[in-house]
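Some notes on the structure that comes next.
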Amino acid sequence: MIHAYDEIYLEDAMNNFAVMLDYGSQAYEGDIEEFYESFLASDVACQFEKGNPQYIAGLSGIELAETVFVYQKVNSHEVDYLPDNYSDVYWAGWALAHFQWVSNFSFSFIQRSGLTIKRVLQMYSTFHEADISKFVEAAYEIIGKARSAAHNILKSLRKNAGFTQQELATRSGVSLRMIRAYEQGAQDLGKAEARTLFNLATVLGCSPETLLY
């Protein structure tokens, strides 16, 4: 697999991400989940997962957090911060950065697919002393189950409505090939065009959001 940046930068990236999350959660006037949502909505997430050298190694973790604050125009306060390599938040950032590098998934996709920051924090007691590969295995399993469930939603709704795949394709205007791909997980329904989601939802009698969760 081709990664967004060379492995020689991985340790720095993991540590910087860990500090960003740890410091940001303390300096942000909200909780850790709110800060992480601000990170996901900022350009910092995009630049980090693309492997922009300035973001993975050029800026410190504290500077990354401050950049999130600026991008999102959120309030923060000064904290007397010292990195704590043994804290659950620091570890969560460290582990997430590693998994993002290994998987090449975007942070937003990881979050949407069940590996939320809250879920990672809950994994701390089980995995923080284990080899990082154990966390990676568990992370893939969580995401795999979530995506499988998401793909099965379309199939379940279609069957509940009494449609064959061909009937759903004809009624919605979505090709049979794509209906099959969505149900089998070969295509991500979350990346479908808004019109596709709207047409499917209309035929199945649900909201477009229902198809995504």
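Over the C-alpha atoms of segment 102-150, the Rg to Rh ratio, Rh being the Kirkwood estimate, stands at 0.95.
For segment 83-146, chymotrypsin sites (Phe, Trp or Tyr not before Pro) are listed when DSSP marks them as loop and at most 11 other Cβ atoms sit within 10 Å of their Cβ; the list is Tyr86. Summing -39500 (n - 2.57) over the DSSP H runs of n ≥ 4 in the chain and dividing by its residue number, what mean residue ellipticity at 222 nm do you reach, to the nearest 500 deg cm²/dmol? It comes out at -19500 deg cm²/dmol, rounded to the nearest 500.
Taking label positions 7 Å along the Cα-Cβ direction at both Asp188 and Tyr86, the computed distance is 3.8 nm, reported to one decimal. Size estimate for the chain follows the Kirkwood approach: the inverse of mean 1/r over distinct Cα pairs works out to 18.8 Å. Could you pull out the longest piece of the chain with no exposed loop GluC sites (Glu not before Pro) in it, calling a site exposed if DSSP puts it outside H, G, I, E, B and it has at most 13 other Cβ atoms within 10 Å? Answer from the scan: 130-192. Each Cα pair of segment 1-81 feeds into the Kirkwood radius, which the Stokes-Einstein equation turns, at 37 °C and 0.692 mPa s, into a diffusion coefficient of 260 µm²/s. For segment 101-194, the solvent-accessible area works out to 54 Å² per residue, with a probe of 1.4 Å and every protein chain left in place.
Each label point was placed 7 Å from the Cα along the Cα-to-Cβ direction; for Glu78 and Ile132 their separation is 3.4 nm. Tyr71 to Glu29: FRET efficiency via 1/(1 + (r/R0)^6), r the Cβ-Cβ distance, R0 25 Å, to the nearest 0.05? Between Tyr71 and Glu29 the formula returns 0.95.
The values are calculated or read from the model by the stated rules, or taken from the named source; none is laboratory data. The structure displayed is predicted, hence computed values, not measured ones. Ideal geometry is used to build each Cβ from the backbone, glycine not excepted, and the neighbour counts take in all protein chains shown. Only protein heavy atoms, including side chains, enter the accessible area calculation; ligands, DNA and RNA are left aside. Shrake-Rupley method; radii C 1.70, N 1.55, O 1.52, S 1.80 Å.
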